[in-house]
Amino acid sequence: MVDLKSKVLRTVGLASFLRSFGYGTLWSFVILYLTTQVHLSLAFTGAYLLFSGLIGALMQVIFGAYSDYIGRKIFLGIGQLGQGISFIFVGVGMIFNFYLILLGILLQSIFSGMIFSMFNALIADVFTEEERFKSFGIQRALANFGWGIGPAIGGFIFEIHYFSISFILMGFMLSLVTILMINIPETAKRSMSMKLKDIPSALKNKKFLIYSIAGFISFLIFGQLNSTYPYYENQVNGIPVSIIGLTWTMNGLMVAALQYPFARLANKKNAHYFLIYGIILYGFGYFMVVLLPTIEWMFLSMVVITFGEIIYSSSATTTAMNLAPEGEKGRYSGTFGLFTSVGRAAGPFYGGLIFSISLNYEIKWLIILITAIISSFLYILIFIKK
């Protein structure tokens, strides 16, 4: 069993790193590309990302549930290959047809959700409740190392306008990662049967339902990192995209270095405190950007945002998986992924609506901070209040 655990963690960790490198290098800049190069409004761009995110999140629940029945490996392979194809569609669309970009974004939402829920389910399958805090911490640290390297390269690519060919090449690289999935063992403790009516069963768990709603609100806040945050710093404060990319690099490297140590501190008794303090700190980091329009202050705000992310993420996924009974890890992973994916997808739309209102920027960022505080109250409700 030790060998199985090591093999799963190595494979998931390496695949997460390569996946995040691809997304950090290019996908982080898609919203900026659509708003500054294609000249779509932030509200429209956010609305389409919300639409594609909803489709992807719905499919994620279905894939997660059926993986409990037919196994994880087939979804791992299809999901990884599909991610690569989605990048190729976006790159080709930048050259030939704008609508191919929209199709690529939709495919990315579907296949990214599939692969991410499988990663979570794999770790939940083979590690005990207490081991999951450290295991998810390692997986997330490796993923964020990819995020750390990617944006610095992506910001440079964005500035020199080699975006299309970079998407195509990255798509081929991500498709090749499918090879890693061939040797991964099947870990699902398969359900005896599966019907469509069984898929929403996780929502009957009241505590898990409230937890997922809190996750949705939290990920509304996370969704600002690649939408209103760079938009505000670039369009309002006039900071170059290449410099903004460096803040994302700092974010990824900080998480890569500190996620595992923080994950070692988390356990079943204190996990809710990580969620509460983490999301409040994350929201406050966004509010900081409106206080000073300087590059130095932008980096300081990202430090605060990153610590909020590290603290929150040290227990978020593990707690969700610990609420799932045996034989239903994929179903619960997919359902939690539904709420968080929709939250992240709705984040740009939510932020775009706030930014479209005729209010001072201080008020706009305050609304985002208040949203984070609402999420923290839900965590208090389900974990502290008896």
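Membrane-span-like helices in the chain: DSSP H runs reaching 30 Å or more (Cα, own axis), mean Kyte hydropathy at least -0.5?
Membrane-span-like by this rule: 2-25, 42-70, 73-95, 98-126, 129-160, 241-265, 329-356, 361-383.
For every helix of n ≥ 4 consecutive DSSP H residues, a contribution of -39,500 (n - 2.57) applies; sum these over the chain, divide by its total residues, and give [θ] at 222 nm rounded to the nearest 500 deg cm²/dmol.
-26500 deg cm²/dmol
Just to confirm a number: summing +1 for Lys and Arg and -1 for Asp and Glu over residues other than Met181 whose beta-carbon lies under 14 angstrom from that of Met181, what do you get?
Taking every other residue near Met181 into account, the sum is +4.
Extending each Cα 7 Å along its Cβ direction at Ile210 and Tyr273, get the distance between those two points in nm, one decimal.
2.1 nm
With 10 angstrom as the radius, rank Thr128, Thr45 by how many other C-beta atoms surround their C-beta, starting from the fewest.
Placing the least packed residue first, the sequence is Thr128, Thr45.
What net charge do the residues around Asn251 carry, taking every other residue with its C-beta under 15 Å from that of Asn251, with Lys and Arg at +1 and Asp and Glu at -1?
With Lys, Arg at +1 and Asp, Glu at -1, the net is -1.
Find which of Tyr282, Gln139, Ser212 sits farthest along the positive direction of the dipole of the chain, computed with +1 on the beta-carbon of Lys and Arg, -1 on that of Asp and Glu, about the Cα centre.
Positive-most Cα among the choices belongs to Ser212.
For the chain, what is the relative contact order in percent, using Cα pairs closer than 8 Å and at least 6 residues apart in sequence?
29 percent
Quick one: order Thr11, Thr340 by neighbouring beta-carbon count within 10 Å, fewest to most.
Going from least to most buried by this count: Thr11, Thr340.
What is the distance, in nm, between label points placed 7 Å from the Cα along the Cα-to-Cβ direction at Ser242 and at Asn183?
With each label point 7 Å from Cα toward Cβ, the separation is 4.0 nm.
About the Cα centre of the chain, what is the dipole size in debye to 20, counting +1 per Lys and Arg Cβ and -1 per Asp and Glu Cβ, all else neutral?
1160 debye
Give the label of the value calculated from the structure for Rg and Dmax of the Cα atoms in Å, choosing from [x] 21.8, 73; [y] 19.5, 59; [z] 21.3, 79.
Here the calculated entry is [y].
Using a basic spin-label model with each label point 7 Å from the Cα along Cα→Cβ, how many nm lie between Ala43 and Val303?
Between Ala43 and Val303, the label points sit 3.8 nm apart.
Please name which of Phe87, Ile55, Asn120 has its Cα lying farthest along the dipole of the chain towards the positive end, using unit charges on Cβ (Lys, Arg +1; Asp, Glu -1) and the Cα centre as origin.
Ranked along the dipole, the leading option is Asn120.
Please arrange Leu49, Leu103, Leu9, Leu359 by how many other C-beta atoms lie within 10 Å of their C-beta, fewest to most.
So the residues, fewest neighbours to most, are Leu359, Leu103, Leu9, Leu49.
Each value in this text was obtained by applying a stated rule to the coordinates, not by laboratory testing. Source: prediction; values computed, not measured. In this analysis, Cβ positions are derived from the backbone assuming ideal geometry, glycine residues included, and neighbour counts consider all displayed protein chains.
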